[in-house]
1. Residue by residue through region 6-22, what is 3J(HN,Hα) from phi via Karplus (6.51 cos²θ - 1.76 cosθ + 1.60, θ = phi - 60°)? Round to whole Hz and write x for glycine and proline.
2. Between K77 and S99, what's the calculated FRET efficiency when r is the beta-carbon distance and R0 is 35 Å? Round to 0.05.
3. Can you tell me the order of 66-76, 129-139 when each peptide is scored by its average per-residue count of other Cβ atoms within 10 angstrom, highest first?
4. Stretch E124-I2 to full length: gain in nm at 0.36 nm per residue minus the Cα-Cα span?
5. Relative to the present Cα-Cα distance, how much length would full extension add between E29 and K92 at 0.36 nm per residue of separation?
6. Sorted from fewest to most neighbouring beta carbons within 10 Å, what does the list F118, F27 look like?
7. Choose one answer from I16, I62, I28: the residue with the largest mean-square fluctuation in a GNM of the chain with alpha-carbon springs under 10 Å.
8. Cα gyration tensor of region 1-124, axes a ≥ b ≥ c as square roots of the eigenvalues: rounded (a/c below 1.5), prolate (a/b > b/c) or oblate?
Amino acid sequence: MIRKLERRDLDAVVDIWLQGNCEAHDFIEADYWQNYAVQLKEELMAAEVYVFEEDKQIKGFIGLEGNYIAGIFVCAKQRSHGIGSLLLEYVKKDKKQLSLHVYVQNKKAVQFYLNNGFQIQSEEIDPKVNEKEYLMTYFFNDN
């Protein structure tokens, strides 16, 4: 079931976020993610966040700021089982366009977004970590 984030979900969501970032971005020091996790809870409550819950456990989530996807994260044991795609489809129904940044070195995520219809618009440098990232965009057809 997909539903809006509730305060009681924060610990589980931050755990999934931290684990996912450390695993997918091993080219960035783990301290960077761990230090950011403290302020993440406040940001999550202020953002538009949807969780995928099954058997009373949070297994993934998607965070949005308007039409910008701040991230899609799925717990390690549930990856490649369609949860990320379900979350993406859930938010697509209310948006005309979506965009996001993804690190070039995170090849699995880049491929995931390409497979889901996103296109690479540009390559930039994330100044916080000095890593290349793509700006990717999805435009919806009204057909």
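1. Calculated HN-Hα couplings, in order: 10, 3, 5, 8, 4, 4, 5, 5, 5, 4, 5, 4, 5, 4, x, 5, 5 Hz.
2. Result of the calculation: an efficiency of 0.75.
3. 66-76, 129-139
4. Extra length available between E124 and I2 comes to 40.7 nm.
5. 19.4 nm
6. With the fewest neighbours first, F118, F27 line up as F27, F118.
7. Maximum fluctuation in the GNM of the chain, among the listed residues, is at I28.
8. rounded
The numbers here are math on the coordinates, done by the rules we state, and not lab data. On a predicted model such as this, the values are computed, not experimentally measured, just so you know. Every residue, glycine as well, gets a Cβ built from its backbone with ideal geometry; the counts of neighbours run over all protein chains shown.
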